[in-house]
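What follows is one structure encoded as structure tokens, with my remarks underneath.
Rule-based calculations on the coordinates, nothing more; no lab input. Keep in mind the model is a prediction, meaning the values are calculated, not measured. A quick note on method: Cβ atoms are made from the backbone with ideal geometry, for glycine too, and the neighbour counts reach across all protein chains shown.
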Amino acid sequence: MLILSGDDVKASISIVQAVAAQKEAFEALFEKRCDAPLRPVIQTEFGPSLFMPAYAKSASNSLVIKIASVRPENAAKGLPTIPAKIALLDDVTGHFLALIDATYLTALRTAAGSGYATSVLAREDSRFLLVFGAGMQAKAHLLTMLTVRPSLEKVTVVNRTLSKAQTLIEEIKDDFPTVSFYAVSSGPPSEGTDAVGDCVKEADIVCTTTNSSTPLFDGKLLKEGAHINSVGAYTPKMQEVDSETVSRSVVVLDDIESCMEEAGDLLQPLSEGIIDSAHIYCAVGDTKKLKTGY
């Protein structure tokens with residue numbers, strides 16, 4: 001059985017390749033060329049663990065399952081907060097073919113999905129990027145956004161712990177000498193200033209990569225044409241973007257069926273009656289509809 005470490009995965013696929021693979025995956029999912037059942041979640045006292053099986057009806061007949069656990073307390077232990085593994089099975093015999101460390105791959109795959117959405121939905125001349133969060137997902141999103149939108153000139157990282165945002169910037173800034181980087185604390189406005197609000201107002205692209213249960217910013221502040229990648233709210237009770245943001249937006253989902261079951265950013269404005277299902281424009285894999293414009 002082949003065993004691949006996180007370093008092996010990093011050496012095997014680039015951001016550009018990952019974005020292209022996500023495009024193919026979204027299209028296959030939309031066209032029903034793969035089977036990806038809704039993921040069961042087991043909640044323990046330490047956090048949720050998610051079990052994600054999939055089967056791709058292709059020449060390779062890929063049969064896989066990914067198991068990912070969300071453990072925010074791991075950060076204090078110096079461990080990844082979303083450890084994950086992928087098992088690849090032989091469809092014919094059912095035997096295991098490979099075990100893949102998917103901690104890095106999970107961040108890359110999520111960011112690549114956002115990267116593909118950004119490449120087809122965000123303005124080509126986008127200049128200002130705003131990222132909420134400072135963990136592995138935030139870093140992956142930063143690198144991916146800078147790859148798919150090389151027009152970006154300014155990046156702001158917002159995080160509850162300012163030092164973590166500053167550390168993330170230090171890790172990547174030397175690779176992008178023409179980009180200006182800023183770290184901002186997500187604390188409440190003080191003394192008549194609202195640093196986060198000011199960042200939201202100017203942002204062309206916003207990525208929310210947190211596990212927040214309350215909205216991260218006021219959707220009234222977003223400028224027309226801003227593009228948002230909201231990836232953190234994976235349960236109905238979580239919410240990174242407020243209902244105002246959703247109601248103002250053209251809503252494009254990675255998978256409509258799963259989002260209607262899990263995505264708090266969508267389910268909460270639906271339950272409040274602020275939007276209805278007709279507000280959903282399409283799935284990102286519906287390339288024909290995306291090409292018609294909105």
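For the range 240-294, the fraction of alpha-carbon pairs lying more than 12 Å apart is 64 percent, rounded to a whole number. Seen from a random direction on average, the alpha-carbon convex hull of the range 1-69 projects onto 6.2 square nanometres. What is the local net charge at Val70, summed over the other residues whose Cβ is closer than 15 Å to its Cβ (Lys, Arg +1; Asp, Glu -1)? Surrounding charge for Val70 is +2.
What list of whole percents do you get for P(r) of the range 188-268, with Cα-Cα distances grouped in 5 Å bins up to the one holding the largest distance? Taking all Cα pairs of the range 188-268, the binned fractions are 3, 15, 26, 26, 16, 9, 3, 1, 0 percent.
Each Lys and Arg adds +1 at its Cβ and each Asp and Glu adds -1 at its Cβ; summed about the Cα centre, the chain shows a dipole of about 320 debye.
Rounded to the nearest 0.05, the FRET efficiency derived from the C-beta distance between Ser277 and Glu153 at R0 = 35 Å is 0.40.
Taking a Cβ cut-off of under 11 Å around Gly6, the surrounding Lys, Arg, Asp and Glu residues balance to a net charge of -1, with basic ones at +1 and acidic ones at -1. Of the residues Leu130, Leu4, Val284, the one whose Cα sits farthest toward the positive end of the charge dipole of the chain, with +1 on the Cβ of Lys and Arg and -1 on the Cβ of Asp and Glu, is Leu4.
Counting only other residues whose beta carbon sits under 10 Å from that of Val157, what net charge do I get with K and R as +1, D and E as -1? Around Val157, the surrounding residues sum to +2. Counting only whole DSSP H helices of the chain, the ones at least 15 Å long by C-alpha along their axis and with mean Kyte-Doolittle hydropathy no lower than 0.0 are 15-30, 103-121, 136-148, 162-172. Note that the chain carries a Kirkwood radius of 19.9 Å, evaluated over its alpha carbons pair by pair. Sorted from greatest to least, the principal axis extents spanned by the alpha carbons of the range 39-187 come out as 53, 39, 24 Å. At an R0 of 35 angstrom, the distance between the Cβ atoms of Asp125 and Lys77 translates into a FRET efficiency of 0.25. May I ask you to list the trypsin sites (Lys or Arg not before Pro) in the range 205-294 that are in a DSSP loop and have at most 16 other Cβ atoms within 10 Å of their Cβ? Filter output for the range 205-294: Lys223, Lys237. Remark on Val251: its backbone amide H falls under 5 Å from those of Tyr281, a criterion applied only to residues 5 or more positions apart or on other chains, H modelled at 1.01 Å from N. Between the C-alpha center of the range 10-61 and that of the range 266-294 there is a gap of 21 Å. Shape analysis of the range 51-96 yields a ratio of the Cα radius of gyration to the Kirkwood radius, Rg/Rh, of 1.19.
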